[in-house]
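Colleague: A single structure is presented below for examination.
The values are calculated or read from the model by the stated rules, or taken from the named source; none is laboratory data. Remember, it's a predicted structure, so these values are computed and weren't measured experimentally. All Cβ positions, even for glycine, are placed from backbone atoms using ideal geometry, and neighbour counts span all protein chains on display.
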Amino acid sequence: MTKMINLNADIAEGWGAYDIGNDAELMKIIKSASIACGFHAGDANTMHRLCKLAKQEGVSIGAHPGFNDLWGFGRRRIQMKASDLEYMVAYQIGALQAMAQYAGLKVTHLKAHGALNNMAAEDEGYAMAIGRAIKTVDDDIIYVALSGSQMERAAIKLELRMAREGFPDRMYDDAGNLASRSIPGTVLKDPKAAGEHALRMVQDGEVLSMNGKRVKVRVDTLCVHGDEPTSVVVAGGIRKTLEAAGVSIVPLTEMKL
């Protein structure tokens, strides 16, 4: 039986006159796109443009909500009440659903951005708040969660469809969490190294930590970071490596979750 995996990227992370990332090139490589919804980045025009491009390229789309933090690009940790976070996430899902209508697309997954994703991986209250927003707005939306995280537990508890995510262009610590970008070498910019990292996740169900420890992971989708200058080359290398090994790259909606 042919192995399948989804390849996704975070896109639409410009704002107004500022275009950030390599969205058009990435959309020809990935099969699912997580679209910024206006809080950490993105706006109505950017969301509209990327939804239309996703339709053209046959890419499924998902909401990419973050903290209300344009200045810090959503990478600053913000403490708030779980109910406030829940409504903030629901608001962002709704914004993308409106823009998706122009392309005749449905929002089919949600992946939290930056600091929100990192905090929800550790904090049960945040993870559940995101899950409740999904369940209320559209319980068919797939909750994208780091393997072994509080988000994974929240999705199970709330009986939501879930996709466990791996990051082939990032290094992990010994606990299976992403190592901080502030540590040199934690962002992989070599397509060969990233491709081997991806293949280990898909075929062996593990990652090799920065200290050489084998850490078990389960992945349904692999993320490439679109805001890196090397993102297109790295994403292309990952896809080429996986396909050469007989792995089929499919939209998240086609994965057996």
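Colleague: Which one is farthest from H64 (Cα to Cα) among residues in the range 147-205 that are polar (S, T, N, Q) and at pLDDT below 95?
Modeller: Residue satisfying both the conditions and the ranking: Q203.
Colleague: Can you name the condition, by its number, that A98 falls short on among (1) within 18 Å of the chain's Cα centre (by Cα); (2) under 30 Å from H48 (Cβ atoms); (3) aliphatic (A, V, I, L, M)?
Modeller: Unmet for A98, out of (1) within 18 Å of the chain's Cα centre (by Cα); (2) under 30 Å from H48 (Cβ atoms); (3) aliphatic (A, V, I, L, M): (1).
Colleague: So, in the range 120-146, exactly how many residues are among the hydrophobic types (A, V, I, L, M, F, W, C) and modelled with pLDDT under 95? Write out each step before concluding.
Modeller: Taking the range 120-146 and keeping what is among the hydrophobic types (A, V, I, L, M, F, W, C), we get 120-121, 127-130, 133-134, 137, 141-142, 144-146.
Those still in the list that are modelled with pLDDT under 95 too: 121, 146.
The total comes to 2.
Colleague: Anything in the range 217-226 that is part of a strand (DSSP E or B) and modelled with pLDDT under 90? List them, or say none.
Modeller: V224
Colleague: Exactly one condition in (1) of a type outside the set (S, T, Y); (2) buried (at least 24 other Cβ atoms within 10 Å of the Cβ); (3) under 16 Å from V232 (Cβ atoms) is false for A36; which is it?
Modeller: Against the list (1) of a type outside the set (S, T, Y); (2) buried (at least 24 other Cβ atoms within 10 Å of the Cβ); (3) under 16 Å from V232 (Cβ atoms), A36 comes up short only on (3).
Colleague: What single numbered condition from (1) without any contact (Cβ under 8 Å) to a residue 40 or more places away in the chain; (2) in contact with a Leu (Cβ under 6 Å, 6 or more places away or on another chain) fails to hold for K28?
Modeller: Every condition holds for K28 apart from (2).
Colleague: Among G226, G236, which is the only one that is surrounded by 20 or more Cβ atoms within 10 Å (Cβ to Cβ) and not charged (D, E, K, R)?
Modeller: G226
Colleague: Which residue, of F39, F73, is of a type in the set (F, W, Y) and either touching a Leu at 6+ places or on another chain (Cβ under 6 Å) or modelled with pLDDT of 95 or more (or both)?
Modeller: Of the residues listed, the single one that is of a type in the set (F, W, Y) and either touching a Leu at 6+ places or on another chain (Cβ under 6 Å) or modelled with pLDDT of 95 or more (or both) is F39.
Colleague: So, one more: On the given criteria, is D69 acidic (D, E), out of contact with any Lys or Arg (no Cβ under 9 Å at 6 or more places or on another chain), over 17 Å from T108 (Cα atoms) and surrounded by fewer than 23 Cβ atoms within 10 Å (Cβ to Cβ)?
Modeller: Details: acidic (D, E): yes; out of contact with any Lys or Arg (no Cβ under 9 Å at 6 or more places or on another chain): no; over 17 Å from T108 (Cα atoms): yes; surrounded by fewer than 23 Cβ atoms within 10 Å (Cβ to Cβ): yes.
When the stated conditions are applied, D69 does not pass them.
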